[in-house]
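The values are calculated or read from the model by the stated rules, or taken from the named source; none is laboratory data. Just so it is clear, the model here is predicted, and its values are computed rather than measured. Neighbour counts run over all protein chains shown; Cβ positions are idealised from the backbone, glycine included.
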Amino acid sequence: MFNERSMPFYMAYSWPNEIGEEWEDREWNILKSWYSGEILQAQEAVEKACDELDYEGSWIYDEYPDRDRMEREQMKIQKRLEQNRPGELRLPDGNTVEASDRRPGKIEELLQVLWYNEVFRRRWRRRKCRGRCR
C-alpha cells in the first residue's frame, strides 16, 4: 500500500502505550534487582507505602503535595524499617550486616530520595495514563 504523506522516522516505530507500560515495568524490576539487600528492603517498604496511598483522590496526587505530610510519611516508613531490623539485617544471600556497620545518616537521606522518586513515578504514570492504565 502506498502512502502519499511521508511519515517522520520517530513516528514510524513508536511503541503503543500497552507495550510501553510492560517494558517500563520489566525494566524497573531488572534495575531494582541490582540493589543491595538493605536498599532493596527500603525500596520495597516505600512501594508498599505508596500502594497504600495509591487511590483516587489521594493527597500524593494533589497539584502541590504537602511537604510536611511527605516527611511524616517518610518517617513512618523509616520506623517500619527500623522495627524490621533491630540488630542486624539479613541479606538475600543469607549473610547478615550488623547495626554498627550501617551509616545512620545516609540511610535516611537515601530513604527520602527513594520516597520522593516513587511518588514522582506514580504521579507521572497517572498523568501519562489519564485513566487508560490499570
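The set of residues in segment 38-70 that are assigned to a loop (DSSP other than H, G, I, E, B) and either under 18 Å from Glu108 (Cβ atoms) or of a type in the set (S, T, N, Q) (or both) contains only Ser58.
One residue alone among Glu27, Glu47 is at pLDDT 90 or above and within 20 Å of Arg125 (Cβ to Cβ), and that residue is Glu47.
Taking the condition modelled with pLDDT under 75, within 28 Å of Arg126 (Cα to Cα) and of a type outside the set (A, V, I, L, M, F, W, C), does Tyr55 pass? Answer is no for this residue. Restricted to segment 77-109, and to residues there that are modelled with pLDDT of 85 or more and touching a helix residue (DSSP H, G or I) at 6+ places or on another chain (Cβ under 7 Å), the residue that is nearest to Leu40 (Cα to Cα) is Leu81.
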